[in-house]
1. Take the range 3-51 and flag every residue that is of a type in the set (Ser, Thr, Tyr) and within 12 Å of the chain's Cα centre (by Cα).
2. Filter the range 1-27 down to residues that are surrounded by 11 or more Cβ atoms within 10 Å (Cβ to Cβ) and in a loop (DSSP other than H, G, I, E, B), then give me how many there are.
Amino acid sequence: MPDVVQKLWGFCNTLRHDGINYGDYIEQLTYLLFLKLADEKGVAVPKGFGWATPRPKPRPATIGAPKRSSANQW
């Protein structure tokens, strides 16, 4: 159990440092714990939403990053 607690705190710290507020990361971590427990206990979840098939959110493009073009050589 301590290993799970340490992993959760590690996820919390990562999410907090990325600017995600407390309520949002608690919701996300709770959902991940539910999926993991459902997988371990054999509880059916809708296809494509189980622990074995997580879907990462696409990362947004970097705002304000300079674009290189042939007209703008450095």
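1. We begin by selecting, within the range 3-51, every residue of a type in the set (Ser, Thr, Tyr); these are 14, 22, 25, 30-31.
Result: Thr14, Tyr25, Thr30, Tyr31.
2. 1
Every number in this text was worked out from the coordinates using simple rules, so none of it is lab data. Owing to the predicted nature of the structure, the values given are computational and were not obtained by experimental measurement. Ideal geometry is used to build each Cβ from the backbone, glycine not excepted, and the neighbour counts take in all protein chains shown.
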